[in-house]
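Shown next, in structure tokens, is the structure this report addresses.
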Amino acid sequence: MRISSRFCGPPKSGNGGYVSGALASYLPPGPAAVRLKAPPPLETELRVEATREIARLFDGASMLAEARAIDAVDVEAPLVPSFAEAVEASRSFSGFHHHPFPRCFVCGPKRAEGDGLRIFPGLIEKRDVLFAPWVPDASLADTSGHVDPAFVWAALDCTGVFAFPVATADCVLVLGELAARMDGTIAPGEECIVAGWSLGIDGRKRYAGSAVYSNGGREIAVARATWVNVPGAGFLA
């Protein structure tokens, strides 16, 4: 596996959701959980070792991530608003004012249309769920003509983290584990809605749910993420 610099999260490493989805693709179709153990470097030849139950990503002798097949993702997705309501919610995206990784492939406001996913979640009045519109670019299609599942995993990644204060001067939240289930497919150019919400806090860990829907409210994917509050020095450079 080689992670293109296009698919960065922090400046020097791959977006956690994209890397998780790419590694999960080595498993048979079905729900999977991916634990990230170290930042995956960009533009580097990485090694994958996979069986039907487990896939591991290595940089030399160092294991960067491990994906495993699971029975289910125990998350209930919220009711979805209209695409127009999601567009309106995105105007309040906190990352427009302060973003630890402004060139993140998924949620970076400094990425151009057609380059990054430009998913900017914001709150809808009287709801504690964040929503964002998403129209996948044609470059995200796989050989079947649908959006590659790795990019759906990427969309599931960042949306939930904005349910929490994302960064301070000294600390940032980075993805520790992502468990996801794909329930459908998306066509490039299709209007979609992405949701993210808090599932709680435990010490340095933050738990979030996220989901991707079609414009008509069809559930495409759902995920549960574990984020970890870590010193920012190694990620913000």
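The values are calculated or read from the model by the stated rules, or taken from the named source; none is laboratory data. Predicted model, so just to flag it, every value in this text is computed and none were measured. When we count neighbours, we look across all protein chains shown, and the Cβ atoms used for this are built from the backbone with ideal geometry, even at glycine. The area values use the complete protein model at the heavy-atom level, side chains included, leaving out ligands, DNA and RNA. Shrake-Rupley method; radii C 1.70, N 1.55, O 1.52, S 1.80 Å.
With every protein chain left in place, what is the accessible area per residue of the chain in square angstrom, probe 1.4 Å?
In whole numbers, the chain has 45 Å² accessible per residue.
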Using a Gaussian network model of the chain whose springs link C-alpha atoms within less than 10 Å, name the residue from PRO165, PRO11, PRO81 with the highest mean-square fluctuation.
PRO165
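Work out, step by step, the length gained on full extension between LEU79 and GLU113: first 0.36 nm times the residue separation, then minus their alpha carbon distance; give nm to one decimal. Numbers along the way, then the final one.
Numbers: separation 34, 0.36 × 34 = 12.24 nm, distance 2.76 nm.
My answer for the length gained is 9.5 nm.
Counting DSSP beta bridges in segment 1-154, what percent are antiparallel, to the nearest 5? Show your work: numbers first, answer last.
Numbers: 21 of 22 bridges.
Just about 95 percent of them are antiparallel.
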Placing unit charges on C-beta atoms (Lys and Arg positive, Asp and Glu negative, everything else neutral), compute the dipole magnitude of segment 47-110 about its Cα centre in debye, rounded to 20.
420 debye
Under the rule that a partner needs its Cβ under 4.7 Å from the first Cβ, which Cys of the chain have none?
CYS8, CYS104, CYS171, CYS192
Computed magnitude of the charge dipole of segment 150-210 (debye, nearest 20; Cβ of K, R +1, Cβ of D, E -1):
220 debye
Leaving out ligands, DNA and RNA, what percent of the accessible area of segment 20-147 is carbon and sulfur, probe 1.4 Å?
51 percent
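Using unit Cβ charges (K, R positive; D, E negative) and no other charged atoms, how large, in debye to the nearest 20, is the dipole of segment 112-237 about its Cα centre? Working shown, then result.
Details: 9 positive and 15 negative charges, 101 e Å.
Taking the Cα centre of segment 112-237 as origin, the dipole is about 480 debye.
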What do you get for trypsin sites (Lys or Arg not before Pro) in segment 188-235 restricted to DSSP loop and a cutoff of at most 16 other Cβ within 10 Å of the site's Cβ?
ARG204, ARG218
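With n ≥ 4 as the cut-off for DSSP H runs, can you work out [θ] at 222 nm for the chain, using -39500 (n - 2.57) per run divided by the number of residues, rounded to the nearest 500? All intermediate terms of the calculation are to be shown ahead of the outcome.
Working: 4 runs with 34 residues, N = 237.
Rounded to the nearest 500, the figure is -4000 deg cm²/dmol.
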Say we join alpha carbon atoms closer than 10 Å with springs in a Gaussian network model of the chain; which of VAL73, VAL106, VAL174 then has the biggest fluctuation?
VAL73
